[in-house]
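Enquirer: Pasting a structure below so you can have a look.
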Amino acid sequence: MGNYILFLIIATATVLSPGPGVVLTLTNTIRYGMGGAIGGIFGIACGTFIVAGISATSLGIILATSSMAVTIIKFIGAGYLIYLGIKLWRSPALEVRIGDEPKRKNSLQFFEGIALQLTNPKAVFFFMSIFPQFVNFNADYKVQFGLLVATYSALVVVIHLLYASLAKFARNWMSSEKGGRTVNRIGGGTFMCFGIGLASASK
């Protein structure tokens, strides 16, 4: 794949761009510490493999040709984002103290990350539009598919860990009840905006 570098650049820009996954990582880091964001990050990366697999199957073809299927998936994703936003918005203000992070199971974060990725139809459309441009169908498709998806998932882990590292420093000036409430409002409001924007977006 001579265009692998170009794919790498496009994928990096896509992962770096703010989105629901980035918000989830930043919020988890500030609320639960660096360790509290790891599960969600790997959940998003794992969800990428599932979404990529779906895009390569007949379900991906259905989503590409059926406006009804696209609409259903879109509203499921929008509903989940709005649900996350309301849940975070209504959460009690959290006072963040270094070395005294609230505990939350990584397994919960992991499945939350997977659910977030699976209910985001934009991820499906991304893989359905990128693969045809960067895959040489005269060669082994499975090898190329695996390489592209593994590359994208690795970028998710690396870039989200960088975001989490940056958010870790923000915990110093958010170690108050007001700071915890600010995290809830900003994170929750952002999730709801993503959900509303997705629901109102045209195909």
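Enquirer: Around LEU88, with a cut-off of 12 angstrom between Cβ atoms, what is the net charge of the other residues, counting Lys and Arg +1 and Asp and Glu -1?
Expert: Computed value for this residue: +4.
Enquirer: Which of LEU166, LEU26 has the fewest other C-beta atoms within 10 Å, and how do the rest follow up to the most?
Expert: With the fewest neighbours first, LEU166, LEU26 line up as LEU166, LEU26.
Enquirer: Right, something else. Could you list SER200, SER91, SER55, SER165 so that the one with the fewest beta carbons within 10 Å of its beta carbon is first and the one with the most is last?
Expert: Starting with the residue having the fewest Cβ neighbours, the order is SER200, SER165, SER91, SER55.
Computed from the coordinates by the stated procedures, all read-outs in this text should not be read as laboratory data. Because the structure is a prediction, the values reported are computed rather than measured. Positions of Cβ are backbone-derived with ideal geometry, glycine not excepted, and every protein chain shown enters the neighbour counts.
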